[in-house]
Structure formats: structure tokens, C-alpha cells
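Chemist: I'd like to ask you about the structure that follows.
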Amino acid sequence: THKKNISEMSGLGRMMPFTFGAFALASLSMIGAPPVAGWVSKWYLLNGAWDAHSMTIIFVLLASTLLNAAYFAPIVYQGFFGKPSDADLKHKFSEAHPSMVVPLSITAVISVLIGLYPSFFMRFVQAIFPALNLATS
């Protein structure tokens, strides 16, 4: 679409639901919200920082969450709930080529699966790399 400004992305989520849906899940992961993989990593980092009594790390993780939410949430909101411009309605953008959308969709599904079943994936990685000492709780 060659869009670079958030204000230009209004309504593109309705025209490109798979692309923007994958972006929305990636945004949730960057923010660290459940049920995606970013939640799992942020949870482990917060638990480790809490156990180490490191309020600095906890503050950095929380600040990162807020900054990511402030950056990504408006893009997702504009994409799905913004009113598309007249030029966009005339152009009628559609999904990208399947060679782009399929990998995005697969990655989004994997991210959700990791978020929902983190111990399964930790055991899988440990089976591949047995020398790693990973906690599987």
C-alpha cells in the first residue's frame, strides 16, 4: 500500500484482515499481552527480576510494555476502526500475495500456540538441544 503514516492506515485492517490480524498479534506479542509468545517471555523475565529483587529491571520491563502499547495500539486501532479515505476506497486494497500472507499467518499462529502452551515448546527445544538447561514449569 506504500503507507508510512499511521493516519494513512485507517480502515486497512478491514481491507487486509489477514495481514493486519497478523500485525495485531505481533503487536500484542511486542507489548507482552496474553495469549501470545511475548507474554511468556515477559512473564519469565518479570519473575526472574522479582526473584532477584531487581526493581530496576521490573521498571524497565513495565516501561517497555507501556511504550510498546503507546506505539502499536494506535496503528491497530486505526487499521481496524479508522475510516478509510476516499482514495483507499476507490483503490480497494486487498491482501498481499499469498507468499507474504501465508508466512505471516503461520508465524502468528505459532506465536499464539507458544503463548497458550509454552511448556510444550520448551520441552521441544530441550529435546533438540539437550545441553540447554531450561526450566519447564
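Chemist: Identify the residue in segment 2-28 that is touching a Gly at 6+ places or on another chain (Cβ under 9 Å) and not in a helix (DSSP H, G or I) and, among all such residues, is nearest to S111 (Cα to Cα).
Modeler: M16
Chemist: Condition first: aliphatic (A, V, I, L, M) and within 23 Å of S99 (Cα to Cα). Now tell me which residues in segment 1-35 satisfy that.
Modeler: Of everything in segment 1-35, those that are aliphatic (A, V, I, L, M) and within 23 Å of S99 (Cα to Cα) turn out to be M9, L12, M15, M16, A22, A24, L25, A26.
Chemist: Further question on the same structure: What pairs come up if the first residue lies in segment 33-47 and is within 13 Å of T65 (Cα to Cα) and without any contact (Cβ under 8 Å) to a residue 40 or more places away in the chain, the second is small (G, A, S) and surrounded by 15 or more Cβ atoms within 10 Å (Cβ to Cβ), and their beta carbons are under 7 Å apart, counting only those six or more places apart or on different chains?
Modeler: What qualifies is K42/G32.
Chemist: Do we have A96 as under 19 Å from G13 (Cα atoms) and open to solvent by less than 50 Å² (accessible area, probe 1.4 Å) here?
Modeler: Here the answer is yes, as A96 does meet what is asked.
Chemist: Answer with yes or no whether F18 is touching an Asp or Glu at 6+ places or on another chain (Cβ under 6 Å), open to solvent by 40 Å² or more (accessible area, probe 1.4 Å) and touching a residue at least 40 places away in the same chain (Cβ under 8 Å).
Modeler: yes
Chemist: Still on this structure, please answer the following. Which one of A127, A131 is open to solvent by 40 Å² or more (accessible area, probe 1.4 Å), more than 30 Å from N5 (Cα to Cα) and not in a helix (DSSP H, G or I)?
Modeler: A131
Chemist: Could we say that V125 is out of contact with any strand residue (DSSP E or B) (no Cβ under 6 Å at 6 or more places or on another chain) and at pLDDT 90 or above here?
Modeler: In short, no.
Chemist: Tell me, which helices (runs of 4 or more DSSP H) wholly within segment 29-99 include 2 or more residues that are closer than 22 Å to I114 by Cβ?
Modeler: Filter on segment 29-99 gives 37-51, 55-81.
The values are calculated or read from the model by the stated rules, or taken from the named source; none is laboratory data. Just so it is clear, the structure is predicted and the values come from calculations on it, not from any experiment. In this analysis, Cβ positions are derived from the backbone assuming ideal geometry, glycine residues included, and neighbour counts consider all displayed protein chains. With ligands, DNA and RNA removed, areas are computed over all heavy atoms of the protein, side chains included. Shrake-Rupley method; radii C 1.70, N 1.55, O 1.52, S 1.80 Å.
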